[in-house]
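*Asks:* Dumping the structure here so I can ask a few things about it.
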Amino acid sequence: MVFISRLPAAVCCLFGFALAQQDLLVFQDGISVYKLADTSSAPEIWVSSSDFPAITRTARDLALDFGRVVGVNGTLKELDTLPSSRNGTAPIIITGTIGHSTLIDKLVDAGKIDVSEIEDKWESYTTVFVEDVTSSIPWALVIAGSDKRGTVYGLYDISQTIGVSPWYWWADVPPKTKTGIWVRDARKDQGPPSIKYRGFFINDEAPALTGWAEKNFGLTPSGRPFNSEFYKLVFELCLRLRANYIWPAMWGSAFYADDEENGPLADEYGVFVGTSHHEPMARSEREQQQEVEGNWDWVDNKEAIIEFFEGGVERAKNWDTIFTLGMRGSGDAASPTLTADSLVEIIDVQQGLLEDILSKNLTDIPQTWVLYKEVGRYYQSGMKVPDTVTLLWTDDNVGNLLRTPLANETDRQAGAGVYYHFDYVGAPRNYKWINTIQLVKTWEQMQLAYEKGAREIWIVNIGDIKPLEIPTSHFLDMAYDMSNHAGPDSTTKWIRRWAAAEFEERIADRIVEILSTYGKLILRRKYELLSRKPFAYSVAYYDEAEAVLAEWTDLLDIAQSTYNSLPQSTRTPFFEMVLHPILAGKTVVELYIKAELNLWRHRQRRTSTNQLATDVQNLFLEDQEITSRYHSLMNGKWDRMMTQTHIGYDNWQEPAENTLPPLVYHGEENVPKSGIMGVSIQGSNFSSPGDPVPDLLSMDPYMPGSEQRYLDIFTRNNGTFSYSITSNASYVTISNSAGTLSTTENISDVRNIIKVDWNAAPVGSTVVGLKITPTNAPGSWPITFNLPVNKRSVPSSFSGYVESGGAVAIEAEHYSENEEKSGLSYVTIPHYGRTLSGVKLWPVTADSQSPDTAPKLTYTFYTFTEAEKPRLLVFLGATLNHDPSRVLRYAFSIDGGEPVIVQPVPTTPMGSEPSGWTDAVIAGGWTSASAIELSPGAHTLELWLLEPGVVVQRLVVDVGGYQQTSLGPPESTHVE
């Protein structure tokens with residue numbers, strides 16, 4: 001974008017910040033004398049009758065948008081020439097497409113506007129203030145597009161600038177009302193989008209979107225709800241988001257056949273329509289099933305299939321269409337008979353049909369071949385695909401690119417693109433309920449795709465549309481102008497801009513915190529996977545499950561308080577896009593965590609087992625209430641939109657209905673003979689007295705600040721008892737050292753936190769006894785737990801991270817040194833991954849490296865334990881080997897030893913998941929373990945990332961104490 005100001009320098013300085021944000025338009029008096037609209041007047045919008053219908057239609061939208069903002073609609077006028085005189089004094093917007101609008105062409109010919117910056121470019125526009133348009137028009141705002149979508153985007157740019165969100169209808173974002181709008185004497189040139197064809201795929205749209213649409217639009221004669229009234233809303237959203245391409249809903253639907261107005265309507269709006277990865281030649285899967293006589297099999301039914309292809313091209317020939325080529329088996333599955341040679345034949349036939357029917361050169365016909373799943377293997381086998389076909393690479397259905405263009409593929413005439421997923425039906429589990437997308441991960445993968453040359457098509461599967469407003473906006477904003485998303489902190493900046501535009505500048509920083517935290521929490525485990533065993537979060541080690549629940553609780557508190565601070569007008573969209581996924585998500589996460597704690601406490605024989613079961617049942621009802629709340633918004637506007645099942649998955653496919661996870665209850669049969677008092681220690685499911693008495697987890701001065709040591713005392717039967725706790729060492733104390741527990745008073749559990757006075761503790765290893773003595777507890781007896789206390793220290797000269805509990809954990813961005821070398825360096829990606837951030841080699845166009853050529857990261861750490869089998873664990877993103885000639889690799893060295901090169905992701909044929917993929921995508925990333933040699937003392941770890949696709953999140957040195965959990969131990973203590 002080029003912006004040229006013509007205001008005096010002093011004025012520009014005075015209002016510089018505001019004007020930079022508001023471009024040509026300003027909203028306070030005194031900056032410009034050229035008023036475009038106020039509460040009593042709105043502009044006339046002039047279009048030429050010779051222009052595209054899309055221009056007239058969009059101009060009508062802009063006229064209505066003025067009404068939404070100032071309370072007075074603009075007026076649309078179709079003119080073929082600039083009038084020599086006019087009635088009225090309303091301000092004027094003149095808009096049109098170069099070469100198609102007589103109004104714009106006359107202004108160009110008269111030298112009133114200069115369109116040299118955009119002429120003959122793709123989807124570009126100029127918006128410019130023009131004085132002395134004619135003797136009767138003292139000034140006008142002119143929007144000239146290089147083509148029809150360029151003009152459309154120029155018009156919608158005005159809409160968004162004055163305060164109308166692209167999501168004003170789909171997410172109920174209220175317009176930002178104004179009392180006045182003025183035009184500055186300036187211009188704006190917007191060049192071609194970063195990605196030529198960019199859009200979304202409506203998919204997996206039952207039951208939610210289908211049920212909602214059926215209620216609101218009825219059924220077409222074919223029994224489907226997705227008619228032209230529905231698609232009017234979809235196409236408008238597409239264009240307001242500055243996209244130009246859709247794959248329409250396809251579960252049992254046929255876009256062109258369900259409503260004959262759908263095809264012409266897309267053309268009227270100016271939207272390219274395609275078909276999904278397995279629906280070739282502008283024809284739907286349902287049409288395959290209903291119209292093809294014989295099997296959907298190229299080998300034995302070629303003539304019928306060719307006739308079917310021909311019908312698709314004939315029907316769509318007069319509309320903007322991107323033709324999907326190739327073929328898969330029936331029902332979006334692999335074909336048992338297709339080969340690379342037969343696919344070459346199929347594409348050759350398809351291209352022949354396109355040339356014959358459209359009477360165009362193939363270079364002028366948008367075509368794509370989607371290399372989805374097994375299809376990629378045909379290409380990998382050496383299949384030759386014409387350069388006039390865009391290679392549409394895909395992710396693994398969960399946001400990790402399978403392939404990016406190789407160096408010898410970047411000069412293909414039709415280029416390459418990406419088919420990406422925010423929604424999916426398939427292994428390891430469907431995810432189609434609500435937003436489970438980490439925005440910064442999307443940026444990391446798509447920025448990689450862009451820099452590798454995949455710039456022709458980006459299309460993203462957005463499921464039901466509605467729950468995915470934020471990731472959809474982010475994806476399409478990147479596709480439109482990648483220059484705003486160049487750096488590793490660009491996602492944080494984007495969230496802030498988005499929040500200020502959709503809501504208020506006042507809460508923008510808070511929404512950055514909310515959405516960044518949500519992305520981290522949801523990357524760890526999608527909701528549909530929480531029922532999978534083993535459970536996502538450990539209830540035994542590192543207090544992981546309780547810590548995760550606390551993070552969700554804190555996030556909900558922030559989101560709820562932000563919601564409460566908003567005016568009533570913006571609470572609804574905030575609920576839909578921000579609060580609801582957090583409120584609903586936290587409810588489901590808490591349900592599963594408490595269900596797991598229910599099982600854990602039952603093994604410990606706690607009476608509170610039953611309260612946890614009740615909590616889970618109440619959370620299950622709360623989930624239903626949250627759904628009902630959503631459905632009641634806007635007087636039921638979104639009824640049925642949240643009907644997707646999401647609790648109770650037991651395989652990859654969705655359950656027929658939401659079902660409670662298994663629960664257990666504590667009854668008389670679970671009461672031990674050792675009486676009412678029970679004591680369990682951190683990390684153990686034993687219940688004492690009665691079970692073997694384990695030792696407490698050890699304590700040392702370097703325990704991370706988030707870590708505690710404790711024991712829990714609880715009731716194992718109905719009744720009341722008292723207890724006291726004594727320590728045989730004065731330097732060890734414990735909270736709640738005496739008390740009474742009573743089931744009749746609903747006080748059945750108490751947590752006792754252990755503290756050590758390290759100044760008073762003796763140097764070295766000691767064992768302290770903590771004795772719990774019951775009173776009025778028939779059958780129970782005193783029990784003593786041993787606490788290992790290790791007072792040890794590092795040399796005063798040491799600086800770095802220190803072992804505690806048999807492990808050293810370091811977040812990747814907390815290096816002691818970050819080397820730059822030969823133009824390469826490491827960048828931190830804020831909020832990336834499962835814990836804090838990610839670190840990757842920069843730029844992503846760097847060649848493959850070796851430890852000799854790559855810059856290095858250096859970490860210092862100290863260990864005390866003489867471990868039998870020490871290990872280095874590297875927590876990585878879920879990125880795959882997207883370049884088969886350059887597999888992902890990193891290297892490490894301990895204390896200057898020979899670098900060890902590691903390939904964390906196994907190689908695999910295209911279309912096949914590598915070994916370990918299921919675990920990696922479930923957990924949100926790979927964890928790579930390497931054996932190391934290590935003795936107690938100070939150490940230096942050097943790390944080299946040898947490919948730009950490697951993103952490291954954290955490092956753990958295991959010297960015997962590491963426990964297998966989702967996130968690993970908390971970050972170790974750092975000493976200076």
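Nothing in this text is a laboratory measurement; each read-out follows from the coordinates by a stated rule. Note that the structure is predicted; figures quoted are calculated from it, not measured. So basically every Cβ, Gly included, is an ideal-geometry build from the backbone, and we count neighbours across all protein chains shown.
*Asks:* Once a ≥ b ≥ c are taken as the square roots of the eigenvalues of the Cα gyration tensor of the chain, is the result rounded (a/c under 1.5), prolate (a/b larger than b/c) or oblate (a/b not larger than b/c)? Walk me through the numbers before you get to the answer.
*Replies:* Numbers: a/c = 1.84, a/b = 1.73, b/c = 1.07.
In terms of gyration-tensor shape, prolate.
*Asks:* Could you pull out the pairs from LYS77/LYS112; LYS121/LYS452; LYS77/LYS360 whose alpha carbons sit more than 27 Å apart here? Show your work: numbers first, answer last.
*Replies:* Numbers: LYS77/LYS112 21 Å; LYS121/LYS452 23 Å; LYS77/LYS360 35 Å.
Pairs exceeding the cut-off: LYS77/LYS360.
*Asks:* How many nm separate the modelled label positions at SER40 and ALA760, each set 7 Å beyond the Cα in the direction of the Cβ?
*Replies:* Using points 7 Å along Cα→Cβ, the separation is 8.1 nm.
*Asks:* How much length, in nm to one decimal, is gained on full extension between ASP114 and SER799, taken as 0.36 nm per residue of separation minus their Cα-Cα distance? Let's see the in-between values first.
*Replies:* Details: separation 685, 0.36 × 685 = 246.60 nm, distance 6.25 nm.
The span from ASP114 to SER799 would gain 240.3 nm if fully extended.
*Asks:* Another question, then. Can you spot the lysines whose alpha carbon is less than 19 Å from LYS771's alpha carbon? Ignore those fewer than 8 places along the same chain.
*Replies:* Straight-distance partners of LYS771: LYS755.
*Asks:* Taking LYS869 as the anchor, which lysines have their alpha carbon closer than 30 Å to its alpha carbon, excluding any fewer than eight residues away along the same chain?
*Replies:* Output for LYS869: LYS533, LYS791, LYS840, LYS856.
*Asks:* Follow-up question, since we're still on this one. Counting other beta carbons within 10 Å of each residue's own, what order do SER608, SER561 fall into, fewest first? Before the final figure, lay out the partial values.
*Replies:* Numbers: SER608 21, SER561 10.
So the residues, fewest neighbours to most, are SER561, SER608.
*Asks:* Find the centroid of the Cα atoms in the range 183-245 and in the range 85-118, then give the distance between the two in whole Å.
*Replies:* 29
*Asks:* Also: Taking a ≥ b ≥ c as the square roots of the Cα gyration tensor eigenvalues, with a/c under 1.5 meaning rounded and otherwise prolate when a/b beats b/c, else oblate, which class fits the range 2-190?
*Replies:* Working: a/c = 1.30, a/b = 1.15, b/c = 1.13.
Rounded, since a/c falls under 1.5.
*Asks:* Taking neighbour Cβ counts within 10 Å as the exposure measure, how do MET677, MET478 sort from fewest upward?
*Replies:* Details: MET677 32, MET478 25.
Arranged by neighbour count, lowest to highest, MET677, MET478 become MET478, MET677.
*Asks:* Any chance you could run the full-extension gain for ARG377 through TRP169? It's 0.36 nm times the residue separation minus the Cα-Cα distance, nm to one decimal.
*Replies:* On the way: separation 208, 0.36 × 208 = 74.88 nm, distance 4.24 nm.
Gain on stretching ARG377 to TRP169: 70.6 nm.
*Asks:* Still on this model: Neighbour counts of other C-beta atoms within 10 Å: give me ARG240, ARG532 arranged from fewest to most.
*Replies:* Details: ARG240 25, ARG532 18.
By the 10 Å Cβ count, ascending, the order reads ARG532, ARG240.
*Asks:* Nearest 20 debye, what's the magnitude of the dipole of the chain about its Cα centre given +1 on Lys and Arg Cβ and -1 on Asp and Glu Cβ?
*Replies:* Numbers: 80 positive and 122 negative charges, 492 e Å.
With only Lys, Arg, Asp and Glu charged at Cβ, the dipole is about 2360 debye.
*Asks:* Say each of SER915 and ASN73 gets a label point 7 Å from the Cα, pointing the same way as Cα to Cβ; how far apart are those two points in nm?
*Replies:* So the label points at SER915 and ASN73 sit 6.7 nm apart.
*Asks:* In percent, what relative contact order does the chain have, based on Cα pairs under 8 Å that are 6 or more apart in sequence?
*Replies:* Here the relative contact order equals 9 percent.
*Asks:* Return the lysines within reach of LYS526: Cα separation strictly under 20 angstrom, same-chain partners fewer than 8 residues apart disregarded; answer none if there are no such residues.
*Replies:* LYS432, LYS441, LYS466, LYS586, LYS594
*Asks:* Run the quick spin-label model on ARG506 and GLN413: label points 7 Å from Cα toward the beta carbon, then report their separation in nm to one decimal.
*Replies:* A separation of 5.8 nm, rounded to one decimal place.
*Asks:* Given R₀ = 56 Å, what would the calculated FRET efficiency be for SER565 paired with GLU817, taking r from the Cβ atoms and rounding to 0.05? Let's see the in-between values first.
*Replies:* Values: r = 43 Å, r/R0 = 0.77.
After rounding to 0.05, the efficiency reads 0.85.
*Asks:* If you don't mind, another one. For the range 107-236, calculate the relative contact order in percent as a whole number, restricting contacts to Cα pairs under 8 Å that are 6 or more residues apart. It would help to have the intermediate numbers written out before the result.
*Replies:* Numbers: 157 pairs, mean separation 27.7, N = 130.
So the answer I get is 21 percent.
*Asks:* If you don't mind, another one. Counting alpha carbon pairs within less than 8 Å and at least 6 residues apart, what relative contact order, in whole percent, applies to the range 197-498? Walk me through the intermediate numbers first.
*Replies:* On the way: 516 pairs, mean separation 54.7, N = 302.
18 percent.
*Asks:* Which of rounded, prolate or oblate describes the range 609-743 when judged by the alpha-carbon gyration tensor and an a/c cut-off of 1.5?
*Replies:* On the way: a/c = 2.60, a/b = 2.04, b/c = 1.28.
In terms of gyration-tensor shape, prolate.
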